[in-house]
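> Can you read through this structure? Questions will come right after.
The values are calculated or read from the model by the stated rules, or taken from the named source; none is laboratory data. Not measured: the values here are computed from a predicted model. Quick reminder, even Gly has a Cβ in these numbers, built from the backbone with ideal geometry, and neighbours come from all protein chains shown. Heavy atoms of the whole protein, side chains included, go into the accessibility calculation; ligands, DNA and RNA do not. Shrake-Rupley method; radii C 1.70, N 1.55, O 1.52, S 1.80 Å.
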Amino acid sequence: MDPLSDAFLSLNVKDVESGQLHIGGCWAIRMLPSGGVTVFESTKGSFWLSVDELVHPVLIQEGDCFLVANQRGYCKSSEPDMEAAALRSTLARSVTWPTAVVTRNVVFGHRGDCDNTMSGARLSFEERANFLFDLLPPIIHIHANSDIAPVFRSMLHVLAAENAARQLGGSIMTKHLVHILLVQALRTHVASEDHPRGWLGALVDAKIGAALALMHRDNSRQWTVEELAAAVGMARSSFALRFKTLVGQAPLNYWLQRRMRRAGYILRNGNRTVSSVAFESGYESEKSFGKAFKRVMGCAPTSYRTVDRTRPIDMKR
């Protein structure tokens, strides 16, 4: 399994709020920071999108899609630099966006007079998806004329239909559709950036990306820095420096944390014994595994099954 697929194993979808927003005239609405991710398509008209941390607003044109991680606030407006009201305080109480899975169709004024229509979804997850927010830039903008835009729009439509129908198997369909949307957005981001930052940048680096793929491929192997460097054709010292520069951690520290968080995910989401998870993680002794696990995760493996499920399990690091 490649590193990004491995990371997404722990990303469980909690809620999907899908719907449409119809609005016209001179307008500006602000979404306050919250958890999750917003994905939208401009199905009619153009507007300006201003995201916290970005200096200049982005013009979203008809047919464009965009993704924003909701720990950042953002504003949509008919003109740049307009003063915006928070959407939650602007909508009538009967049409405020709920926290449960639901479909909404929000109209400001008469629909026939609306210059803009946006359709999409806001996604939230069972556990704080810290790794996902670390990967996402302030905005991922998918232009209408790009090759991937029709695919992305189609996936949004399928997600909205699945969310509204609530048929058998809906949970697994929704989870996989959300994963596809997010992975495709990250692929688009990587393709549009000369030098993506952080872990995502490390994945597309020829040497360090190859090393990460090796580490995520076999959870039980006891890698050394020398072995990893040799496997990707680098000198030990050069490899260690480049790995830490791109990933932000030394190779073996990353490898230890990755294995322990993977072990934590298995323990929390199954009925495996601690000894079997220890063996799968490359430890011959349950005691030595327990010490390593507690050092990284903050508690013993047996206690970890029952700790607060909102505690993040960062599968990336």
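> About the Cα centre of the range 235-279, what is the dipole size in debye to 20, counting +1 per Lys and Arg Cβ and -1 per Asp and Glu Cβ, all else neutral? Write down the numbers at each step before the final one.
Working: 9 positive and 0 negative charges, 11 e Å.
Magnitude of the dipole: close to 60 debye.
> A further question follows. Hey, what do the phi angles of the range 17-34 turn into as Karplus ³J(HN,Hα) couplings, whole Hz, using 6.51/-1.76/1.60 and θ = phi - 60°, x for Gly and Pro?
With the stated coefficients, the range 17-34 comes to 10, 10, x, 10, 10, 10, 8, x, x, 9, 9, 7, 10, 10, 9, 6, x, 7 Hz.
> Tilt of helix 236-247 relative to the longest C-alpha principal axis of the chain, in degrees (0 to 90, nearest 10)?
Orientation of helix 236-247: about 30 degrees from the principal axis.
> Related question: Quick one: angle between helix 206-217 and the longest Cα principal axis of the chain, in degrees between 0 and 90, rounded to 10, please.
So the helix axis and the longest Cα principal axis differ by about 70 degrees.
> Over the range 145-269, give the accessible area per residue in Å² for a 1.4 Å probe, as an integer.
Working: 6230 Å² over 125 residues.
It amounts to 50 Å² per residue over the range 145-269.
> At q = 0.13, 0.14, 0.16 Å⁻¹, work out log10 I(q)/I(0) for the range 196-317 with the Debye formula, treating every Cα as an identical point scatterer and leaving solvent out; two decimals please.
Results for the range 196-317 at q = 0.13, 0.14, 0.16 Å⁻¹ read -0.53, -0.61, -0.77.
> Mind scanning 14/287; 14/291; 76/175 and naming the pairs with a C-alpha gap bigger than 29 Å? Please report the intermediate quantities before stating the final value.
Working: 14/287 35 Å; 14/291 32 Å; 76/175 27 Å.
Those over the limit are 14/287; 14/291.
> Using each residue's phi in the range 146-154, evaluate 6.51 cos²θ - 1.76 cosθ + 1.60 at θ = phi - 60° and report the 3J(HN,Hα) Karplus result to the nearest Hz, with x for Gly and Pro.
Computed from phi, the couplings for the range 146-154 are 6, 5, 8, 4, x, 5, 5, 5, 4 Hz.
> Additional query: Averaging sequence separations of C-alpha pairs under 8 Å and six or more residues apart, then dividing by the length of the chain, give the relative contact order as a whole percent.
21 percent
> How much space per residue, in cubic angstrom, does the convex hull of the C-alpha atoms of the range 133-283 take up? Don't skip to the end; give the middle numbers.
Values: hull volume 21.0 nm³, N = 151.
Normalising the Cα hull of the range 133-283 by residue number yields 139 Å³.
> Report, to the nearest whole %, how much of the accessible area of the chain belongs to carbon and sulfur atoms, 1.4 Å probe, protein only. Could the numbers behind the result be given before it?
Details: 7950 of 15160 Å².
The value for the chain is 52 percent carbon and sulfur by accessible area.
> Under the Karplus relation 6.51 cos²θ - 1.76 cosθ + 1.60, θ = phi - 60°, what is the ordered set of whole-Hz ³J(HN,Hα) values for the range 287-295, x standing for Gly and Pro?
For the range 287-295, the Karplus curve yields 5, 5, 4, x, 5, 5, 5, 5, 5 Hz.
> Place the peptides 51-59, 64-72 in order of packing, highest mean first, counting for every residue the other Cβ atoms within 10 Å and averaging per peptide. All intermediate terms of the calculation are to be shown ahead of the outcome.
Details: 51-59: 12.8, 64-72: 21.9.
Top of the packing list down: 64-72, 51-59.
> Quick one: P(r) of the range 226-290 from all Cα-Cα pairs, 10 Å bins, percents rounded to integers, in order of increasing distance.
Using 10 Å bins, I get a P(r) of 20, 39, 26, 15, 0 for the range 226-290.
> Ignoring everything except DSSP H segments at least 4 long, calculate the 222 nm mean residue ellipticity for the chain; use -39,500 (n - 2.57) per segment, divide by total residues, nearest 500.
Numbers: 13 runs with 134 residues, N = 317.
Estimated from H runs of four or more residues: -12500 deg cm²/dmol.
> Rounded to whole Å, give me the distance from the Cα center of the range 221-235 to that of the range 252-289.
Between the Cα centres of the range 221-235 and the range 252-289 lies a distance of 22 Å.
> Helix 170-192 against the longest principal axis of the chain: what's the angle in degrees, Cα atoms only, rounded to the nearest 10?
Once rounded, the angle reads 90 degrees.
> Still on this structure, please answer the following. To one decimal place, what orientation-averaged projected area in nm² is obtained for the convex hull of the Cα set of the chain?
Values: hull surface 72.3 nm².
Projected area, direction-averaged: 18.1 nm².
> So what is the relative contact order for the range 177-261, in percent, with contacts set as C-alpha pairs under 8 Å and at least six apart? Each step should come with its number before you reach the end.
Numbers: 55 pairs, mean separation 22.2, N = 85.
That works out to 26 percent.
> Another one. What ranking do 243-250, 256-263 get when scored by the average of other Cβ atoms within 10 Å per residue, highest first? Write down the numbers at each step before the final one.
Numbers: 243-250: 17.6, 256-263: 21.6.
Most protected by this proxy first, the peptides run 256-263, 243-250.
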